[in-house]
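Here the structure is laid out as structure tokens; the discussion comes afterwards.
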Amino acid sequence: MHLHGIQSTALRYFLEVVRCGSISEASQRLNVAASAVSRQIAKLERELETPLLERRARGVVPSAAGERLAVHARKAQLASEQVAAELRGLADLRRGQVRLAATEGFSLDFLPEVIADFRRDFAGIHFSLDVCAPATVTRRVQDGDADLGLTFSLKPEPDIRVEATQSGAIKAIVAPGHPLAGRTGLALADLQPYPVALPTSDTTVRQLFDICCGVQGLSFEPVLVSNNMQALYRFAALGDGVGFFNELSLRSRLRDGQMVALPLLDEGLAARRVELQSMAGRELPPAVAAFREVLVEALGV
């Protein structure tokens, strides 16, 4: 695949089509005619002498060659943005932007606290935080839509550099007055007499919980299922309910004695890990690199 001479406009149009999965939607985002987008992509395909997109009933997907070109285009786009940022004077961290993607648990306490601490020294740095499911966090980083991702992972992912990792063990979270609050460790079976609150099935907590219950032949009927972690936390905090979190997600609340974290002895509930992710092969802009170092320290790695 020869990339010399390919126009940046054509690459930009192609990358937007890959992101959207649709030429018409990409044309709307780019504010250009769909025919112009199609012409640029057709030109790319002629120059590279290979199809880049496969037409489907509901849009388009990249071919194998298109996938490789998309990776190149994303990295080239990010490199250009980094150069522009440095030329605007970001190297001294007076200004900058850090785009984060994270699962919801990290947005409750951990990331807001780290961001606030960071900005006491670097007030010119601004942040965006996209809260999404674990797999989506990784995809945002792979696609270059997020500079750093903080998520739970069950396996290695392609095109991802793991900046830091630690145990993502799931713990039972209860109020200080809960009957189980004094225990030093629990098995899932110990929780059956109590109302439990669980997240939805697109989370690693729920996936590992269901697997462990299946292996042990346990059956739970959660009294609350929600895709909102704050609701699950409040349910556990206000009564005799049990929530399931990683200790890092609620670190300040646990430190302040608002809740109690109880280790779960079932091995399957420790099968995931916390990962701080960035795009493999990308040199991070100064503001992002500086915040990465602070995050690594905050994770206690």
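Would region 15-32 turn up any residue that is in contact with a Pro (Cβ under 7 Å, 6 or more places away or on another chain) and closer than 20 Å to Met279 by Cα? Within region 15-32, one or more residues are in contact with a Pro (Cβ under 7 Å, 6 or more places away or on another chain) and closer than 20 Å to Met279 by Cα.
In region 123-178, what residues are assigned to a strand (DSSP E or B), open to solvent by 60 Å² or more (accessible area, probe 1.4 Å) and more than 22 Å from Ala270 (Cβ to Cβ)? Walk me through it before giving the result.
Step one: of region 123-178, the residues assigned to a strand (DSSP E or B) are 125-131, 148-153, 160-167, 170-174.
Pick out the ones that are also open to solvent by 60 Å² or more (accessible area, probe 1.4 Å) and you get 126, 129, 131, 161-162, 165, 167.
Within region 123-178, His126, Leu129, Val131, Arg161 qualify.
Filtering region 227-267 down to residues that are acidic (Asp, Glu) and under 18 Å from Ser167 (Cβ atoms), which residue is most open to solvent (accessible area, probe 1.4 Å)? If you could, list the steps in order and put the result at the bottom.
Narrowing region 227-267 to residues acidic (Asp, Glu): 240, 247, 256, 266-267.
Right, trim to under 18 Å from Ser167 (Cβ atoms) and you get 247, 266-267.
On the way: Glu247: 80, Asp266: 18, Glu267: 163 Å².
Result: Glu267.
Go through Val18, Val61, Val32 for me and flag whichever is of a type in the set (Val, Ile, Thr), open to solvent by less than 60 Å² (accessible area, probe 1.4 Å) and farther than 22 Å from Gln142 by Cβ. Outline the logic, then answer.
Values: Val18 fails: farther than 22 Å from Gln142 by Cβ; Val61 fails: farther than 22 Å from Gln142 by Cβ.
After applying the criteria, what remains is Val32.
Pro195 falls short on exactly one of the conditions (1) closer than 23 Å to Val274 by Cβ; (2) at pLDDT 95 or above, and that condition is (1). Only residues that are surrounded by fewer than 17 Cβ atoms within 10 Å (Cβ to Cβ) and in contact (Cβ under 8 Å) with a residue 60 or more places away in the chain were counted in region 196-226, giving 1.
The residue list Arg272, Arg292 contains one member that is of a type in the set (Lys, Arg), closer than 30 Å to Ala123 by Cα, in contact with a strand residue (DSSP E or B) (Cβ under 9 Å, 6 or more places away or on another chain) and open to solvent by less than 60 Å² (accessible area, probe 1.4 Å), which is Arg292. When restricted to residues that are buried (at least 18 other Cβ atoms within 10 Å of the Cβ) and charged (D, E, K, R), region 275-289 contains 2.
The values are calculated or read from the model by the stated rules, or taken from the named source; none is laboratory data. All values reported here derive from a predicted model rather than from experimental measurement. Using ideal geometry, Cβ is built from the backbone for each residue, glycine included, and neighbour counts are taken over all protein chains shown. Accessible surface areas use protein heavy atoms only, side chains included; no ligands, DNA or RNA. Shrake-Rupley method; radii C 1.70, N 1.55, O 1.52, S 1.80 Å.
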